[in-house]
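The values are calculated or read from the model by the stated rules, or taken from the named source; none is laboratory data. Please read these numbers as outputs of a predicted model, since none were measured by experiment. All Cβ positions, glycine included, derive from the backbone under ideal geometry; neighbour counts span all protein chains shown.
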Amino acid sequence: MAVNVPAFEENSVTTSATSANPVDVLIVGGGIGGLSAAFALAREGLRVRVLEQAPEFGEVGAGLQIAPNCTRILHDYGLLEEAKSLGVLPKSMVMRDAVDGSELTRLDLVDLERAYGFPYMVIHRSDLHHIFLHACRRVGVDLVTDARVSGYENTASGARVLLADGRADEAGIVIAADGLHSVARRLLVEDEPVNSSYVAYRAAVPIEQVGRDVDLSEVSVHVGPRCHFVHYGLRGGEMLNQVAVFESPKALAGEEDWGTPDELDVAFAATCPEVRAGIPLMWRDRWWRMFDRAPIMTWVEGNIALLGDAAHPPLQYMAQGAIMAIEDGWVLAKHVAARRAEDGAIDWQGALAAYEAVRPEHCRRVLTTARAWGELWHLDGVARLQRNTLLRARDTYDYSFTEWIYGPTALTPEEEPPMFSPIPLDSVDVSDLIGRAEVSH
Ligand SMILES: Cc1cc2nc3c(=O)[nH]c(=O)nc-3n(C[C@H](O)[C@H](O)[C@H](O)COP(=O)(O)OP(=O)(O)OC[C@H]3O[C@@H](n4cnc5c(N)ncnc54)[C@H](O)[C@@H]3O)c2cc1C
């Protein structure tokens, strides 16, 4: 299927390719997904070029949580020690109620590392991006900026991309890691980003500017009615990362100009003092409206494949978006390596089929769980009490809800662990709590 992707017209490409050097793989998009996939394929000996639309490679934003299913891959890449030296290994993740500040549940991240063999790390996203950028340079990836891809087509021997400035480039395989607004995705499906009406404010500030006591050994998550607030340390504790997320009344009313700072202040006005103390630190000159897309199970069209947010942009509540992107490249490279003949020829169709057999289902699970997890975080009234009761009953060392995600990344559908069984909220009896001050509505 080809939907709305500018096609090549006969003789329409008037200028030369982006580079004279032929490559095996072209990767469109130099975010964490594109660069990590480029590194994974180049370390298997492939010639790889990354085409990035921006004038330079970089990441905007603040912190990233990197769970054991990804630190395991960073270890395999020989990049974990460098990442650890730039990040923080918190000792616990604590979820609290954003209204009364009480603890709901916690993960002991020291024990989690023992259970899964690899740590839970938090790191500035520009640091992780730099790690992959430098790793790509070391293995000889051709890194091209100012290259916005506007069209794709399969050819007899591979695939070709058309750039917005009229240039073109081609290779045996094209991997589209072009993010939420992916052009390549239109080859496979006619869909649009889904607006959640939630918006994220971020801040990464030097610790001496924080002005309050913060326990940097924790990843702290406060969940509240239509809002939540996350904070953790970055760069060995030199910085504090904060994320404040809320549902925008203006978005719900259909207004264009939504998620503005006045809405931020109102959204957190009724939260506990610890959360309110963090709000004045948020960056107020930019905010991130939260979109995802419905899962799709087909990611490959001929010699063109999707990867990262282009294939599976999530709501961020599972903190697995960048991780899924990194896993995609790792899985693809493993299948490429397994299908390489002695003469160096690669059974690309076999490798892409193996990639597509395992990754879409895993990512579908993360995307749908992220939506459900976000709904659970943002409950109000009786449902909030039921959620709180349920979370308080969880044993700190019960990993039955994390097994499906923090274990080794599956290479085949058979290796994909079973999902956890959700506990229905209405199975929780809170009749003795109703009427007490804890119910806000
Ligand atoms: C508030 C928030 C918190 C998050 N927290 C976490 C977390 O804790 N852990 C986690 O794992 N994930 C987290 N995520 C998700 C994560 O940031 C993304 O899933 C991840 O960055 C996606 O990487 P990507 O490379 O696939 O896409 P992107 O980062 O969007 O990169 C796409 C790249 O392609 C380029 N590009 C786009 N179009 C073209 C084109 N036509 N031609 C050439 N280049 C193009 C772009 O310039 C960009 O460089 C969070 C997201 C948000 C919003």
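Residues in the stretch 137-149 that are assigned to a strand (DSSP E or B) and within 24 Å of the chain's Cα centre (by Cα) were compared, and the one that is surrounded by the fewest Cβ atoms within 10 Å (Cβ to Cβ) is V144. Scanning the stretch 16-53 for residues that are among the small types (G, A, S) and either at positive phi or over 21 Å from the mean Cα position of the chain (by Cα) (or both), we see that the one that is surrounded by the fewest Cβ atoms within 10 Å (Cβ to Cβ) is A20.
Per the listing G374, G381, the residue uniquely touching a residue at least 60 places away in the same chain (Cβ under 8 Å), more than 24 Å from the chain's Cα centre (by Cα) and within 27 Å of S196 (Cα to Cα) is G381. Does E44 count as modelled with pLDDT of 95 or more, away from the ligand (no atom under 16 Å from the Cβ), more than 30 Å from A383 (Cα to Cα) and in a loop (DSSP other than H, G, I, E, B)? When the stated conditions are applied, E44 passes them. Summed over the stretch 373-411, the residues that are of a type outside the set (A, V, I, L, M, F, W, C) and closer than 30 Å to D76 by Cα give a count of 11. Pairs are defined by a Cβ separation below 6 Å, a sequence spacing of at least 6 or placement on different chains, a first member in the stretch 21-45 that is within 19 Å of D309 (Cα to Cα), and a second member that is basic (K, R) and not in a helix (DSSP H, G or I); the pairs so defined are L26/R49.
Looking only at the stretch 114-121, decide whether some residue is surrounded by 15 or more Cβ atoms within 10 Å (Cβ to Cβ), part of a strand (DSSP E or B) and within 21 Å of the chain's Cα centre (by Cα). Checking the stretch 114-121: at least one residue is surrounded by 15 or more Cβ atoms within 10 Å (Cβ to Cβ), part of a strand (DSSP E or B) and within 21 Å of the chain's Cα centre (by Cα). Kindly check whether there is at least one residue in the stretch 90-100 that is surrounded by fewer than 21 Cβ atoms within 10 Å (Cβ to Cβ), under 22 Å from the mean Cα position of the chain (by Cα) and either part of a helix (DSSP H, G or I) or free of Cβ contacts under 8 Å to residues at least 40 places away in the same chain (or both). No - not one qualifying residue is present in the stretch 90-100. Checking each residue in the stretch 197-216 for being surrounded by fewer than 18 Cβ atoms within 10 Å (Cβ to Cβ) and either under 28 Å from V331 (Cβ atoms) or within 18 Å of the chain's Cα centre (by Cα) (or both) picks out no residue at all.
Screening A156 with (1) in contact (Cβ under 8 Å) with a residue 24 or more places away in the chain; (2) more than 22 Å from N241 (Cβ to Cβ) gives one miss only, at (1). Given the criteria of a type in the set (A, V, I, L, M, F, W, C), closer than 22 Å to V230 by Cα and either at pLDDT 95 or above or touching a strand residue (DSSP E or B) at 6+ places or on another chain (Cβ under 9 Å) (or both), does L143 qualify? No; evaluated as a whole, the condition is false for this residue.
For the stretch 279-309, filtering for residues that are near the ligand (Cβ under 10 Å from one of its atoms) and either among the basic types (K, R) or touching a Gly at 6+ places or on another chain (Cβ under 6 Å) (or both) leaves 5. Among the residues of the stretch 150-197, the one identified as in a loop (DSSP other than H, G, I, E, B), polar (S, T, N, Q) and within 11 Å of the ligand (Cβ to nearest atom) is S182. A single member of I279, I346, I326 is among the β-branched types (V, I, T) and touching a Lys or Arg at 6+ places or on another chain (Cβ under 9 Å), and it is I346. Quick check on my filter: what residues within the stretch 73-89 are surrounded by fewer than 19 Cβ atoms within 10 Å (Cβ to Cβ) and either of a type in the set (F, W, Y) or at negative phi (or both)? Matches in the stretch 73-89: H75, D76, E81, E82, K84, S85, L86, L89. Residues that are at pLDDT 95 or above and part of a loop (DSSP other than H, G, I, E, B) were ranked within the stretch 21-41; the one that is farthest from the ligand (Cβ to nearest atom) is G30. When D328 is tested against the conditions (1) crowded, with 21+ Cβ neighbours inside 10 Å; (2) more than 8 Å from the ligand (Cβ to nearest atom); (3) closer than 14 Å to T369 by Cα, the lone failure is (3).
Considering each residue of the stretch 54-72, count those that are crowded, with 16+ Cβ neighbours inside 10 Å and within 12 Å of the ligand (Cβ to nearest atom), and give that number. Result for the stretch 54-72: 12.
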